[in-house]
Amino acid sequence: MTGKDLFIALGNISPKYYDEAENDTIASSQGHKSLRRPLLIAAVIALTLLLVGCAVIYVLSLERLIVVDHTDEMVSALENGKSETILDESTETLPEITPGPFVAEKVLSIQGYEGSPAYNALQEWLTYVTDYIIRNPEVRFSNDFQRPEAYTDYPCYSQEMVDKVDEICSKYGLHLLGKSLFIIDAEGMEANGLSDVLSEEVAPRCFYGHLYQDGSFVASGELEFSGDYEKIVQFQMHNIKKDAFYTVHLGLNNISNYVQWNYTTQDGYSALLALNDTTGLIFVENEGRFISIIIDEVPDSNMVFTGLPNDKQFLEKVCDCFAFSDLENK
């Protein structure tokens, strides 16, 4: 409900109730008890609360995706003159390195907003991994443990970590992704039913990805724009089923540098868009999946980076290159 809807709803209240409410103090002074004014006030309060509730549902933000905040730790380290940095481990579990900083003030979920099972599972996993690595710093460099095939895409260095994955999946009602299949080109993406994630009129310069056994996937490629925006961008879409356990995450610094806004996609979904000079972010939730798209520029022929257009309409144009309806419903 919008502010306009609120006023329309208020407009349906009979005018005589307004008149009687205005005269209610006079009627009361004559000893007659009136219920009109309390009823009118109750109606206004109810409609106002409904409006507030709708705002909570539809206003999306990057802050609702933060699973770990290292800001205080980094500030403390700088104040103490330490040079240590906090590393974002997303590069270990991504099929390929996503655009983004290696040192992260804030770690974001790319599989669900705050409060969702996937979000809570990731938060618990990251907390556990941090503690485990501190207790066992050498385990990451050992080749003694071989991950079972079903856990290939999880950063497990021991049986204890495998057991923790199982525990988290059971606790939050999630399933394993299974071993992924690497798809090398657009023909392979089409053969595996993944070409529909791009709008029909969009022809990517390249298109490839990883498909998991449960139907979740990562799609990557390049898009070329002309006209108002002479720019080539690379994208990586994480299209993950909501009931899958996915440990890939995104590290961001200076989140306040991102301009954020909500946008309705061409197929009617509510999207969160965020843009700074170098990176664009798109988050969309459909019936069965949470979709995250990371946008970065491709340098020109001289390997010069000029940054992304500082224009909301640019990222909206990029967003409209994708289709967000659930592939299984097609």
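The values are calculated or read from the model by the stated rules, or taken from the named source; none is laboratory data. What you see is a predicted model, and the numbers here were worked out from it, not measured in a lab. Cβ coordinates were reconstructed from backbone atoms using ideal geometry, including for glycine residues, and neighbour counts include every protein chain displayed. Surface areas here come from the heavy atoms of the whole protein model, side chains and all, with no ligands, DNA or RNA. Shrake-Rupley method; radii C 1.70, N 1.55, O 1.52, S 1.80 Å.
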Leaving out ligands and nucleic acids, and using a 1.4 Å probe, what accessible area per residue does region 198-330 come to in Å²?
42
Could you work out the pair-distance distribution P(r) of region 260-324 from its alpha-carbon pairs, with 5 angstrom bin width and percents rounded to whole numbers?
4, 17, 29, 21, 14, 8, 5, 2, 0
With 11 Å as the cut-off, how large is the P(r) tail for region 188-229, expressed as percent of Cα-Cα pairs?
69
Mean Cβ neighbour count within 10 Å, used as a protection proxy, ranking 268-278, 124-134 highest first
268-278, 124-134
Phi-derived 3J(HN,Hα) across region 254-265 with the Karplus relation (6.51, -1.76, 1.60, θ = phi - 60°), rounded Hz, x for Gly and Pro, is 6, 4, 5, 6, 8, 7, 10, 7, 9, 9, 9, 5
Quote the Stokes-Einstein diffusion coefficient, in whole µm² s⁻¹, for region 175-323, based on the Kirkwood radius over alpha carbon pairs, a temperature of 10 °C and a viscosity of 1.306 mPa s.
99
So, relative contact order of region 186-329 in percent, Cα under 8 Å, 6 or more apart, is 22
Distance check, please: which entries in Lys106/Lys242; Lys106/Lys179; Lys242/Lys312; Lys179/Lys231 exceed 25 angstrom between their Cα atoms?
Lys106/Lys179; Lys242/Lys312; Lys179/Lys231
Using per-residue counts of other Cβ atoms within 10 Å, averaged over each peptide, order 114-120, 146-152 from highest down.
114-120, 146-152
